[in-house]
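The values are calculated or read from the model by the stated rules, or taken from the named source; none is laboratory data. Please read these numbers as outputs of a predicted model, since none were measured by experiment. Here Cβ is always computed from backbone atoms with ideal geometry, including for glycine, and neighbour counts include all displayed protein chains.
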Amino acid sequence: MDPLEATIGLCATCEFRRTVEAARSTFYMCQRSFTDARFAKYPPIPVIRCPGYKSKADIDPPVD
Ligand code: SF4
C-alpha cells in the first residue's frame with residue numbers, strides 16, 4: 001500500500017482531494033465540501049468509506 005494511502009485512506013487516490021501544505025503540517029482538503037454539505041472540508045483521516053470517492057486513475061492518463 002502506498003504510504004499516503006496508509007495514512008489518509010481513500011482521499012489519497014481521490015480526484016477531489018487537495019493537499020494544503022502549512023509551515024509544520026499538511027492538510028487534506030475535500031473539494032466536494034465546496035458544493036455538498038455532506039462532506040467535511042477537512043475529513044477525519046483515514047477515510048475508509050466515502051460516497052463521494054472518485055479515483056484519480058479514472059481521469060489521469062498513464063505516464064509512459
Ligand atoms: S470525496 Fe471522499 S475520498 Fe474524496 S477527497 Fe472527499 S472525503 Fe476524500
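Within the range 9-27, restricting attention to residues that are more than 7 Å from the ligand (Cβ to nearest atom) and part of a strand (DSSP E or B), which residue is surrounded by the fewest Cβ atoms within 10 Å (Cβ to Cβ)? The extreme case among them is Glu21. Scanning the range 28-39 for residues that are among the small types (Gly, Ala, Ser) and within 8 Å of the ligand (Cβ to nearest atom) yields one hit, Ser33.
Give me the pairs: first residue in the range 40-58 and on the phi < 0 side of the Ramachandran plot and more than 8 Å from the ligand (Cβ to nearest atom), second residue part of a loop (DSSP other than H, G, I, E, B) and of a type in the set (A, V, I, L, M, F, W, C), beta-carbon distance under 6 Å, and six or more apart or on different chains, which are they? As it stands, the answer is none, since no pair meets every condition given. For the range 37-59, the condition holds for at least one residue, the condition being that it is in a loop (DSSP other than H, G, I, E, B) and at pLDDT below 95.
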